[in-house]
Amino acid sequence: MVVVAILAAGRGTRMKSNLPKVLHSLGGRSLIERVIETVQPLSPSRQLLIVGYQADEVKKATLCFPDLEFVEQKVQLGTGHAIQQLLPYLEGYTGDILVLNGDVPLLRTETLKQLLQIHQENRNAATILTAHLPEPQGYGRVFCNSDNIVQQIVEEKDCTFDQRQNHRINAGVYCFRWPDLAEVLPHLQANNAQKEYYLTDAVTQVAPVMAVDVEDYQEILGINDRLQLASAWEILQKRIKEKWMKAGVTFIDPASITIDDTVKLQPDVIIEPQTHLRGNTVIETGCRIGPGSLIENSHIGENVTVLYSVITDSIVQQGSQIGPYAHLRARAEVGVSCRIGNFVELKNSKLGAGTNAAHLSYLGDTTTGNQVNIGAGTITANYDGVKKHSTHIGARTKTGANSVLVAPITLGNDVCVAAGSTITEDVPDGCLVIARQRQVIKPNWQMKTHKAPG
Ligand code: UD1
Ligand code: CA
């Protein structure tokens, strides 16, 4: 049984942002969401989130985790002060507490499990995660004896020149026997360079404290500024792409591709250069996506191709071809084996199987039957300046080039709309509809010539 506490009260001054640091996004999810997710598989008996700077915003952003209890740290006087706020919440608790910094987003659950196990097996008062960093700037340095028993943790700002040469750093991930920690917490002093109450001081006031090195130091990268945010993002991208490559996905020029870790890909998907996959996107087997495409919160069925296109909040069913230069948005739903492309925009529209809209069209709030052909330049005029209206186009209907369909309107099945028509009234099944001026030809006509003056 373990209680988890996550520190998320700080402003994150070094980010130079109005947004609290822990709400900055890393590959589609905020730093704090990532940390909270990492602890879920441990099934903690309680999860305490320490909030302070813009507490309401942080609470709102974490509402999707119903088991969180919020602990307010009204003024931010340091990590030790933050943990002091837990005292009234954990009165009488005799178990262990896992403390995590809210700005360490790449940690793996496995690492936490190992830390807890070592802590419990050795009956330590505290066990802390450490790493040997090639560039340890900004981190607290950890000094141990030969048995990995921690002697001292010194924040970089308090380090002497010699102490700074130690590359073993404190990851900001701790396991404590709570009664031991609770006893020393009230006695922390703020006599250091930052005039803060350091949690790291509490660590060395209990005993024994063991340091455990993390295998892959990239996991414990703390995010204090935008440079570290970018480094973490690169590490995350590498992790995500490696995972999918091992699962049978081909990336052509992986460095030019970005993928959120919420995206799901099936084997034999090919992702071409300059393609970006975001949010809750699913891409089924046999698809070829890109080059130059952005897909967000969308489901792409089997064997679909997407070329130089943008698809958001939409569905494309199997065998369809999207692009070049298509824009699908706001619940567009493209049926099986459709062809959409060359400057076509679909918004909140559902196209039946085998439908083509291959050139220069806008279809908004539209449904079509199967095997409809949307001629080049067909536009649904769905907005009257106040309200949006819908269009229905029946099966096998063909709209001629440059048709305007003024919604609300229904075209029946097997209708043919003559090129250049502006359709304002419903058309029954099986009709040809022509709604344009008849062409006039005036024979033997010559341009009037003007005599030059003078
Ligand atoms: C801290 C550690 C340092 C370690 C590093 C690892 C201390 C004193 N130092 O330094 O040894 O190497 O993390 O990343 O703990 N926070 C609060 N309330 C506060 C202050 C901070 O909740 O009053 C939260 C922040 O929101 C953040 C976390 O605590 O999530 C860490 O704070 P930060 O200021 O980033 O500490 P570091 O200087 O990085
Ligand atoms: Ca930090």
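The values are calculated or read from the model by the stated rules, or taken from the named source; none is laboratory data. Quick caveat, the model's predicted, so the values are computed rather than measured. Cβ: placed from backbone, ideal geometry, glycine included. Neighbour counts: every protein chain shown. Ligands, DNA and RNA are stripped out before the accessible areas are found, and what is left, the full protein with its side chains, is counted by its heavy atoms. Shrake-Rupley method; radii C 1.70, N 1.55, O 1.52, S 1.80 Å.
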Checklist outcome for this item: For segment 201-206, in residue order, the Karplus 3J(HN,Hα) values (coefficients 6.51, -1.76, 1.60; θ = phi - 60°; whole Hz; Gly and Pro = x) are 6, 5, 4, 8, 9, 10
Item to check | Cross-link pairs Lys21/Lys59; Lys241/Lys264; Lys113/Lys238; Lys21/Lys60; Lys21/Lys74 - those with Cα-Cα distance over 20 Å | outcome: Lys113/Lys238
Item to check | P(r) tail fraction, segment 377-431 - alpha-carbon pairs more than 15 Å apart, % | outcome: 42 percent
Checklist entry - Between segment 232-310 and segment 132-208, what's the alpha-carbon centroid distance in Å? => result 42 Å
Checklist entry - Quick one: ranking Thr285, Thr160 by accessible area, 1.4 Å probe, largest first, what do you get? => result Thr160, Thr285
Item to check | Tail fraction, Cα-Cα pairs, segment 2-226, threshold 25 Å, whole percent | outcome: 34 percent
Checklist entry - So how many Å³ per residue does the convex hull of the Cα atoms of segment 1-136 work out to? => result 131 Å³
Item to check | Pair Thr250, Ser25: separation of 7 Å Cα→Cβ label points (nm) | outcome: 3.1 nm
Checklist entry - For segment 237-347, rounded, prolate or oblate, judged on the Cα gyration tensor with a ≥ b ≥ c (square roots of eigenvalues), a/c < 1.5 rounded, else prolate if a/b > b/c? => result prolate
Checklist outcome for this item: Per the Cα gyration tensor, segment 1-69 corresponds to an equivalent ellipsoid with semi-axes, largest first in Å, of 21, 12, 10
Next on the checklist: Based only on Cα atoms, what mean projected area does the convex hull of segment 318-454 have, in nm²?
Outcome noted: 12.5 nm²
Item to check | Distant-in-sequence amide H partners of Ile393 (H built 1.01 Å from N, under 5 Å) | outcome: Thr367, Thr368, Gly369, Leu411
Checklist entry - Could you give the distance between the Cα centres of segment 401-454 and segment 318-384, to the whole Å? => result 23 Å
Checklist outcome for this item: In order over segment 326-336: 3J(HN,Hα) from phi, Karplus 6.51/-1.76/1.60, θ = phi - 60°, whole Hz, x for each Gly or Pro, gives 10, 10, 10, 8, 6, 6, 6, 9, 9, x, 5
Item to check | Karplus-derived HN-Hα couplings along segment 375-380 (A = 6.51, B = -1.76, C = 1.60, θ = phi - 60°), whole Hz, x at Gly and Pro | outcome: x, 4, x, 6, 10, 8
Checklist outcome for this item: Relative to the chain, whose Cα atoms define the longest principal axis, helix 226-246 and its Cα axis are tilted in degrees, nearest 10, by 70 degrees
Checklist outcome for this item: Taking Cα atoms only, helix 109-121 is inclined relative to the longest principal axis of the chain by an angle, in degrees rounded to 10, of 20 degrees
Next on the checklist: Check which residues have an amide H placed less than 5 Å from Ala381's amide H, if you skip close sequence neighbours.
Outcome noted: Leu405, Val406, Ala407
Item to check | DSSP loop GluC sites (Glu not before Pro) with at most 15 other Cβ within 10 Å: longest gap in the chain | outcome: 216-424
Checklist outcome for this item: Between Gln274 and residues 5 or more places away or on another chain, the pairs with built amide H atoms under 5 Å apart involve Ser256, Ile257, Gly292
Checklist entry - Hey, what does the equivalent ellipsoid look like for segment 141-229, semi-axes from the Cα gyration tensor as sqrt of 5 times each eigenvalue, largest first, whole Å? => result 21, 17, 15
Next on the checklist: Give me the percent of accessible area attributable to carbon and sulfur for segment 241-433, probe 1.4 angstrom.
Outcome noted: 52 percent
Checklist entry - When N is the residue count of the chain, what does its C-alpha Rg come to as a fraction of 2.2 N^0.38 Å? => result 1.38
Checklist outcome for this item: Length gained if Gln446 through Ile270 is fully extended, taking 0.36 nm per residue and subtracting the Cα-Cα distance, is 57.3 nm
Checklist entry - Under a point spin-label approximation (7 Å from Cα along Cα-to-Cβ), what is the Asn280-Lys388 distance to one decimal in nm? => result 1.9 nm
Checklist outcome for this item: Simple SL model, points at 7 angstrom along Cα→Cβ for Ser231 and Lys59; separation in nm is 3.5 nm
